[in-house]
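Data block below; observations after.
Where a number appears in this text, it was derived from the coordinates with a stated rule and is not lab data. Keep in mind it's a predicted model, so treat the numbers as computed, not measured. Neighbour counts are summed over all protein chains in view; Cβ atoms, including those assigned to glycine, are modelled from backbone coordinates with ideal geometry.
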Amino acid sequence: MKKILITGGAGFIGSHVVRLFVNKYPETLIVNLDKLTYAGNLANLSDVENKPNYEFIKADITDGEFILKLFADRQFDGVIHLAAESHVDRSISNPLEFVVTNVVGTVNLLNAARNIWKDKPEGKRFYHVSTDEVYGSLGDEGFFTEETRYDPHSPYSASKASSDHFVRAYHDTYGLPVVISNCSNNYGSFQFPEKLIPLFIHNIRNNKPLPVYGKGENVRDWLWVEDHARAIDVIFHQGSSGETYNIGGHNEWKNIDLIRLMCSIMDRKLGRETGTSEKLITYVKDRAGHDLRYAIDSSKLQRELGWTPSLQFEEGLEKTVDWYLQNEEWLKNVTSGDYQKYYEEQYTKR
Ligand code: NAD
Ligand code: DAU
């Protein structure tokens, strides 16, 4: 049986990738390796956990010895690497954790893949999942292409940029068969509620303030998480070795406009008078080094591999709001413990 290792499969995007691969490739063993940090939650995968082609390993990618031995024992045919510290605000409070997980963790995986594939790299693939934040910030015009110069501003994006460079270096130096994608902001089910969309749905539902950073004028390019998972499938199977592919939805929203749209959807869903939830909007101190605008040009992926986003944003946002409203138990479970501590520290300072 072919074996694919997916790291970070208990997180937001990883769980959608694991679900897609387990269901679509029943003849392939999908091994999900995750440390289960505050962001990792096996409840995200309860619908596939008993499938015969799924296996979970609780492990830390920063443990180089363990990773090396695991690869030697299991002889994976492919790796899809999503495990990371992923929240910009947390990287501002604790940059070193991002260096250790995102850079050292990635290099451990590269070493282990190199070790087992060095004599026979044909048919193997190391797929590194990265972010558009490595390209920095745009002004009012233009898009990030695969040729855009790296210019990261936060400790998070600097750590992801560094890991991208290591992945390319292992391709150029050792001939490791790698592929990289850089994607824009994802939204959808199972996203940890410290990121904008699930956090604000949660706060609107509970009549809590909506902390808008700065003037709310920053622009993000939002993509339905299941479209990202489909893009990863296409790139993993058809992308060319050594290449980079940008993934995005051509769907730019100024934060404040997106927040107003969420408020109006929530008013309707909760049977509140129009305008009620907007009153929760509270402008707070801006994020340090806050990138103004991200926008992805994904024409290479569309042209070369035929991927296109499937869902219009308004429809996707409605579906997302419905999911969080219908899964209050999931939300309740993940908003206890570590998250509550983080939330108090993060927002009492502002
Ligand atoms: P997430 O924070 O929801 O999940 C990260 C997962 O990695 C968690 O399950 C966590 O337990 C696991 N993990 C963290 N440290 C680990 C370690 N040391 N060893 C093993 N597992 C560990 O993140 P996400 O939003 O799903 O992002 C997944 C990947 O996609 C990341 O690499 C991120 O940089 C990238 N990305 C995210 C977005 C986005 O909008 N969320 C967009 C583009 C790219
Ligand atoms: O662009 C891809 C990136 O998107 C991924 O690489 C990251 O892993 C992912 O977290 C996301 O980063 P952002 O910083 O763009 O996402 P976040 O949800 O934290 O913030 C979205 C925007 O909303 C950003 O401009 C900051 C703003 N914001 C966020 C929070 C949490 C607020 O105004 N208030 C908030 O409370």
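So for the chain, considering every pair of alpha-carbon atoms, how many percent are separated by more than 30 Å?
Values: 20599 of 61075 pairs.
Tail of P(r) above 30 Å: 34 percent of Cα pairs.
Quick check: Cα centre of segment 143-169 to Cα centre of segment 45-70, how many Å?
Answer, in whole Å: 27.
Could you state the number of Å between the C-alpha centres of segment 313-333 and segment 72-126?
31 Å
On a full-extension model of 0.36 nm per residue, what is the gain between residue 254 and residue 147, subtracting their alpha-carbon distance, rounded to one decimal in nm? Provide the component values of the computation, followed by the final result.
Working: separation 107, 0.36 × 107 = 38.52 nm, distance 2.49 nm.
Net length gain for the segment: 36.0 nm.
Hey, what number do you get for the chain at 222 nm if only DSSP H runs of n ≥ 4 count, each worth -39500 (n - 2.57), divided across all residues, to the nearest 500?
On the way: 13 runs with 146 residues, N = 350.
The per-residue figure over the chain is -12500 deg cm²/dmol.
Starting from the Cα-Cα distance between residue 89 and residue 207, subtract it from 0.36 nm times their residue separation and give me the gain in nm to one decimal. Don't jump to the answer; show the numbers that get you there.
Values: separation 118, 0.36 × 118 = 42.48 nm, distance 2.30 nm.
Separation in residues times 0.36 nm, less the Cα-Cα distance, equals 40.2 nm.
Applying 1/(1 + (r/R0)^6) with R0 = 25 Å to the Cβ-Cβ distance of residue 111 and residue 290, what FRET efficiency is obtained, to the nearest 0.05? Intermediate values should be presented prior to the final figure.
Details: r = 35 Å, r/R0 = 1.39.
Calculated value: 0.10.
Just need the relative contact order of segment 186-288 here, percent rounded to a whole number, with Cα pairs under 8 Å and 6+ apart. Walk me through the numbers on the way to the answer.
On the way: 116 pairs, mean separation 40.3, N = 103.
After rounding, I find 39 percent.
Given an 8 Å cut-off on Cα distances and at least 6 residues of separation, report the relative contact order of the chain as a percent. The partial results should precede the final answer.
Details: 637 pairs, mean separation 60.3, N = 350.
So the answer I get is 17 percent.
Once both labels are modelled 7 Å past Cα along the beta-carbon direction, what's the residue 272-residue 66 spacing in nm?
4.3 nm
Over segment 184-246, calculate the relative contact order: mean separation of alpha carbon pairs under 8 Å at least 6 apart, over the residue count, as a percent. Walk me through the numbers on the way to the answer.
Numbers: 32 pairs, mean separation 27.0, N = 63.
Worked out over segment 184-246, it gives 43 percent.
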